[in-house]
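Everything below concerns the one structure shown next.
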2 protein chains.
Amino acid sequence: MTDQKQKPFSFRLLKTDGMARRGEIRTPHGIVRTPAFMPVGTQATVKAMYPDQVRALGSDVVLGNTYHLMLRPSAERIARLGGLHKFMNWPHTILTDSGGFQVMSLAQLRKLDENGVTFQSHVDGRRYEMTPERSVEIQQLLGSDIQMQLDECIALPASPEDTERAMRLSLRWAERSRRKFEEMGGPGRGQALYGIVQGGAEPDLRIQSATALGEMPFEGYSVGGLAVGEPQDVMLRMLEITTPAMPVDKPRYLMGVGTPEDILESVARGIDQFDCVMPTRAGRHGLAYTRFGKVNLKNARHADDPRPLDEASACEAANRYSRAYLHHLVKAGEGLAAMLLTWNNLAYYQSLMQGIRDAIEAGTFEEFRARTREDWARSDIAPIG
Amino acid sequence: MTDQKQKPFSFRLLKTDGMARRGEIRTPHGIVRTPAFMPVGTQATVKAMYPDQVRALGSDVVLGNTYHLMLRPSAERIARLGGLHKFMNWPHTILTDSGGFQVMSLAQLRKLDENGVTFQSHVDGRRYEMTPERSVEIQQLLGSDIQMQLDECIALPASPEDTERAMRLSLRWAERSRRKFEEMGGPGRGQALYGIVQGGAEPDLRIQSATALGEMPFEGYSVGGLAVGEPQDVMLRMLEITTPAMPVDKPRYLMGVGTPEDILESVARGIDQFDCVMPTRAGRHGLAYTRFGKVNLKNARHADDPRPLDEASACEAANRYSRAYLHHLVKAGEGLAAMLLTWNNLAYYQSLMQGIRDAIEAGTFEEFRARTREDWARSDIAPIG
């Protein structure tokens, strides 16, 4: 469907500022400005948002979850209907994960061996097999622009032995994934397959993993196995060790991260892409992200507060509805609460990313980082009455 | 807040076609084109819709439920925050019910006497008293443009004795409501108070109620106590008997009605205003209203259907998303299902109202009615595969 000659996958590094990188990814479905935050569209929808809203906030790419989509409505059905872009009305770039992470966290009766994982669907109990090859096949059926290798992601803390075993298995799966991706013609369609660095909290293993993957011809690299239970300082230390061992000329994606602070600090350590359910999930639980930190709208102190979440925001959800109204919607269990707070939260995340990109371009990332952290520390919770 | 001299409540009858009426209501917050469908915004939100979307579909007025709002966040709080229009970001006309209907259907430990109703909140169990005077007071605190008298609405079927007792009580409450409304300066602010015709399925009582209310200086009149369990033909027969006994120069509002067919047939019997939860509630339960009848998106037959609900619709929810995708969203329990289907359903209802208004203006209402009924009878369910 796409002219493969005109639009191969590419990454250009436009500017660096310290370790922070400003770049541009081109995919068959558009340009992704990096550092990029990728809203999570688990079941072919970014929860409680119309796709046009997601785009209007400055999202260049959304994430789809292979595990959920393979179970319902199935990758084959999405392929028959013209692929995931068309199915979910998102004509821009789509990144998919391999499905491995959700298999390990959501599925039942999992059995992992060298070949792959067998598991039972959490939706209807049917048995499935997931291998590195099948994961690529599913992502091809979905028509994803940026695909992930199947890996084994273990929770932290973990023993060095378990960490090394999982890391080496992930490397072998990386080779099998790459072979399948090339067999299926992914590179010719301008698609990307990313290898995933594992190695837990073991510096040596992280470096070995990054180095070995760097010798394989992946279009980009993910850092997996972080934000899985460890303290933030462990995560940041691992990034400091890992990113220098990753290719400079390829995009770097930190999977499943994170809070605004995680993102800011990870950009400072050379990361280009992020995804996280936090802004969307928090939006469904009465939590708003703002320039001045988080606001818990369930709290009764907001019941009479006529102020919007942030009158300086360009997002209607932030500048037009009073905290009193949002509090009411949350207490009353109204769907509009999730709609407005998710909108506000994604708007905040994307405005943070825009601020980060602008600052790197201007060579003022350190000032931006300091100022942003200061703003977060301020509280604008109003006195009651 | 509004210049009362410039914008008193008014109703102009612009055109009739048979019994069908094309009119225009002016309130302090705008013009309401009649026949009008008023989306229900029970808890200060039309469920799963942004207020701008509700407006863009051609809604001139939304309904707020006094019972829900008095319990949460309370009428006093809404008044402190500047009134219901500001609270819910709806600067157009708002109609409120009296609260009586929900007190009788939702509240616990109800006790009704001449003075009013005492009841226990379904939200937190607190005791409240609702009288004709208190209902007007609450609606004034909300700042509603079109207010309703408190009445007693009984379920059908009912005995003639019960029906008459409730009708006569409602007439006495009408007088008390009117007195309170004038004491509080409603007419001076250009607001309206409607009297409510009761009388169950008893023609004589309906005519007595309409006649007695017509002698009181209400700005408009509602028909209550229909669509409460009786067959459609009983409802329509009651309308045929009731509307000729109602003032010609005042708007007529059929409360809580109904299906597209109910609305079309009630317009044909002289009704100007409608409200119903059907399009919004159905949207949250996987049901879509279209020109060609209802589509139940839970049904597996839609799983591979690439067609939108109605490609000729001007609404994105109807013309842009495949039935296969909508089916997936419904099955997956995604919020976007309710958002898209509610949007589609309100778009259909409002396009039906626009069609009705255009047809009355053109003197072609009978043709429109016949053609619309033919379209509903057509099925556009696709063969599978």
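Each reported figure results from applying straightforward, stated rules to the coordinates on display, with no laboratory input. Fair warning: this is a prediction, and the values are worked out from it, not measured in the lab. So basically every Cβ, Gly included, is an ideal-geometry build from the backbone, and we count neighbours across all protein chains shown.
Side notes on the structure shown:
- Relative to the other identical copies, A:Gln120 shows label-point distances of 4.3 nm, where the label point lies 7 Å from Cα along the Cβ direction and values run shortest first.
- Sorted by Cβ neighbour density within 10 Å, fewest at the top, the residues A:Thr259, A:Thr211: A:Thr211, A:Thr259
- Paramagnetic reach from B:Val248 in the stretch B:262-302 [backbone N under 19 Å; point 7 Å along Cα→Cβ]: B:267-273
- Cleavage-rule hits (trypsin sites (Lys or Arg not before Pro)) in the stretch B:110-147: DSSP loop, at most 15 neighbouring Cβ within 10 angstrom: B:Arg126
- Mean Cα-pair separation over length for the stretch A:285-385, i.e. relative contact order, pairs under 8 Å, 6 or more apart, %: 33
- Estimated FRET transfer efficiency (A:Thr16, B:Arg320; beta-carbon r; R0 30 Å; 0.05): 0.15
- For the protein assembly as shown, the 222 nm mean residue ellipticity estimated from helices alone, with every DSSP H stretch of n ≥ 4 adding -39500 (n - 2.57) and the total spread over all residues, rounds to -12000 deg cm²/dmol.
- Qualifying GluC sites (Glu not before Pro) for the stretch B:237-335 [loop in DSSP, other Cβ within 10 Å: at most 14]: B:Glu311
- Label point of A:Glu182 (7 Å along Cα→beta-carbon): distances to the other copies' equivalent points are 9.1 nm, sorted ascending.
- Stokes-Einstein D in µm²/s, Kirkwood radius over Cα pairs - the stretch A:106-194 at 4 °C with 1.567 mPa s viscosity: 92
- Test item: Cα-centred dipole of the stretch B:166-224, Lys/Arg +1 and Asp/Glu -1 on Cβ, debye: 200
- The label point for A:Arg179 and the one for B:Leu236, both projected 7 Å from the Cα toward the Cβ, are 7.2 nm apart.
- Our summary gives the stretch A:137-217 a relative contact order of 37 percent, counting only alpha carbon pairs under 8 angstrom and 6 or more residues apart.
- Copy-to-copy label separations for A:Pro203, where each label sits 7 Å from Cα toward Cβ, in nm and ascending: 9.6
- Pairwise Cα distances in the protein assembly as shown exceed 52 Å for 24 percent of all pairs.
- Value of relative contact order over chain B, rounded to a whole percent, pairs C-alpha under 8 Å and six or more apart: 17
- Subtracting the Cα-Cα distance of B:Lys298 and B:Gln108 from 0.36 nm times their residue separation leaves 65.0 nm of extension gain.
- Å³ per residue enclosed by the Cα convex hull of the stretch A:2-276: 120
- Using a cut-off of 24 Å between Cα atoms, the listed pairs A:Lys298/B:Lys86; A:Lys331/B:Lys86; B:Lys250/B:Lys294; B:Lys47/B:Lys294; A:Lys331/B:Lys47; B:Lys180/B:Lys250 include B:Lys250/B:Lys294 as exceeding that distance.
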